[in-house]
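Please read the structure below before turning to the comments.
What follows draws every value from the coordinates through simple rules; no lab data is involved. Computed from a predicted model, the values in this text were never measured in an experiment. Neighbour counts run over all protein chains shown; Cβ positions are idealised from the backbone, glycine included.
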């Protein structure tokens with residue numbers, strides 16, 4: 001078919017196999033239709049890149065329970081928002097998770113997109129349980145896919161650091177957040 005020497009055929013085969021496997025595996029494990037609120041080809045590419053970079057990392061939660069995490073998070077209600085913050089003076093969304101989990105000896109990165117790599121992905125809001133982490137897209141302009149994180153507390157609500165209200169509890173039915181929810185992750189089994 002092609003007039004290539006053995007090594008050339010092998011290289012072409014490996015490239016083609018890699019591309020097919022990458023496409024097949026990511027679609028098979030994470031069907032496109034199961035993710036909410038992906039509206040553009042750009043977001044689809046970012047999602048595919050995010051998934052291919054790795055998810056499902058385990059988080060050593062020791063003997064900590066989801067109710068312990070929620071109780072600790074509620075102690076930060078009212079703390080003002082500031083980008084990059086993770087103190088009582090001010091904190092951002094990923095900083096809240098770093099601080100809350102850190103109080104229980106659990107290390108999380110201070111970045112929502114990296115936090116989303118931990119636990120089992122839950123694509124539907126109806127799958128969420130207390131203590132699950134929730135993730136959002138398009139909450140501000142950036143090259144990253146995931147721009148916001150929080151902790152699901154039950155009753156269709158989550159606790160997070162809002163840029164307008166600081167650490168607060170918000171309903172997932174809120175049209176702003178509902179439109180931006182992409183998935184949750186389960187770090188407690």
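On full extension of the chain, what length is gained from residue 126 through residue 42, given 0.36 nm per residue of separation minus the C-alpha to C-alpha distance?
Contour length minus Cα-Cα distance gives 27.6 nm.
Report the FRET efficiency, 1/(1 + (r/R0)^6), for residue 155 and residue 103, where r is their Cβ-Cβ distance and R0 is 22 Å, rounded to 0.05.
Taking R0 as 22 Å, the efficiency between residue 155 and residue 103 is 0.40.
Sort out for me the Cα centre separation of segment 144-162 from segment 53-103, rounded to whole Å.
Segment 144-162 and segment 53-103 have Cα centres separated by 11 Å.
Compute the FRET efficiency between residue 87 and residue 53 as 1/(1 + (r/R0)^6), taking r as their Cβ-Cβ distance and R0 = 35 Å, and round to the nearest 0.05.
Result of the calculation: an efficiency of 0.75.
In nm, to one decimal, how far is the modelled label at residue 71 from the one at residue 142, with both set 7 Å along Cα→Cβ?
3.1
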